[in-house]
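The values are calculated or read from the model by the stated rules, or taken from the named source; none is laboratory data. As the structure is a prediction and not an experimental result, all values here were calculated from the model. FYI the Cβ positions are ideal-geometry reconstructions off the backbone, even for glycines, and counts take in every protein chain you see.
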Amino acid sequence: MTMQPSELLAALRFRYATKAFDAARKIPAEIWDAFEQSLVLTPSSFGLQPWKFLVIDHPEIREKLKAASWGQGQVTDASHLVVLTARTDLAQADIDSWIARLSEVQGTPAEALAGLSGMISSFSSAMTPAEKQAWNTRQVYIALGQLMTSAAVLGIDSCPLEGISPADYDTILGLPGTGYATAVACALGYRSAEDKYAVAPKARFEAEKVIARI
């Protein structure tokens, strides 16, 4: 299936960083299932998928996260809240787990993937622990982009949330010691009729300023 270019651009123009959500409106289950699958289908370097996506349903936890988000109402008012976490390491066990999964799904003998495994291991071993986590976090932002674009295509509003305290999020969500750490969050739902930003013109530089042909 394909979209017409005009349909894609209309969806992207529909999207904005929603400041106020209608707390009474919930995303239907079948649409939310599609969002979760869009996260599963997110591409990543080497296919490693160094992330875990936490869908926060519990109202009390969302209230605590709001306090760790400068009081931003999107955290509690949006239909759904996703906390996107990154692996804090890129260990051989992570690589082996991915190679085993690739072998299983594609029916390729593990020994035939030894070259790929070795290449990933060499890449990983050249990085410090801090560099590994930073690299993993950059992968997570690919997932954030895919989630927000999927929402726009399906007519659902979203707001990426970087104005948060990742350390406090980690504590609230019990992440220390799990091998994952908060990278960014995303609220999804339906815009409030009172959100003035919904009708504000989308301000972007002209294409000539940000796109160059070489």
Long-range neighbours under 7 Å by Cβ, at least six apart or interchain, first residue outside any strand (DSSP E or B) within the range 182-200, second surrounded by 12 or more Cβ atoms within 10 Å (Cβ to Cβ) and among the small types (G, A, S) | Y190/S79; S192/A20; E194/A20; D195/A20
For E60, which of the numbered conditions (1) acidic (D, E); (2) within 19 Å of A143 (Cβ to Cβ); (3) more than 20 Å from the chain's Cα centre (by Cα) fails to hold?
-> (2)
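Just wondering, is there one or more residues in the range 87-109 that are under 22 Å from T171 (Cβ atoms), at pLDDT 95 or above and buried (at least 18 other Cβ atoms within 10 Å of the Cβ)?
yes
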Which of the residues spanning the range 20-33 are surrounded by fewer than 18 Cβ atoms within 10 Å (Cβ to Cβ) and in contact with a helix residue (DSSP H, G or I) (Cβ under 8 Å, 6 or more places away or on another chain)?
-> A23
Given the conditions (1) touching a residue at least 40 places away in the same chain (Cβ under 8 Å); (2) loosely packed, with under 15 Cβ neighbours inside 10 Å, which single one is not true for W51?
-> (2)
Looking at (1) assigned to a strand (DSSP E or B); (2) of a type outside the set (A, V, I, L, M); (3) in contact with an Asp or Glu (Cβ under 7 Å, 6 or more places away or on another chain), which is the only condition F53 fails?
-> (3)
Check the range 142-158 and report whether any residue there is touching a residue at least 40 places away in the same chain (Cβ under 8 Å), in contact with a Ser or Thr (Cβ under 6 Å, 6 or more places away or on another chain) and of a type in the set (D, E, K, R).
-> yes
Across (1) exposed (fewer than 15 other Cβ atoms within 10 Å of the Cβ); (2) in contact with a Phe, Trp or Tyr (Cβ under 6 Å, 6 or more places away or on another chain); (3) of a type in the set (A, V, I, L, M), V82 clears everything bar (1)
Taking into account only those residues within the range 64-79 that are within 20 Å of P28 (Cβ to Cβ) and touching a Cys at 6+ places or on another chain (Cβ under 9 Å), which is surrounded by the fewest Cβ atoms within 10 Å (Cβ to Cβ)?
-> Q74
Spot the failing condition for I61; the list is (1) in contact with a helix residue (DSSP H, G or I) (Cβ under 9 Å, 6 or more places away or on another chain); (2) surrounded by 11 or more Cβ atoms within 10 Å (Cβ to Cβ); (3) part of a loop (DSSP other than H, G, I, E, B), and only one is missed.
-> (3)
Tell me which residues, restricted to the range 110-131, are in a helix (DSSP H, G or I), surrounded by fewer than 10 Cβ atoms within 10 Å (Cβ to Cβ) and either on the phi > 0 side of the Ramachandran plot or not hydroxyl-bearing (S, T, Y) (or both).
-> E111, G115, A130
When the range 26-47 is checked residue by residue, the ones that are within 28 Å of L116 (Cα to Cα) and either touching an Asp or Glu at 6+ places or on another chain (Cβ under 9 Å) or in a loop (DSSP other than H, G, I, E, B) (or both) are L41, T42, P43, S44
Matching residues, the range 138-184, being of a type in the set (S, T, Y) and under 10 Å from the mean Cα position of the chain (by Cα) = Y141
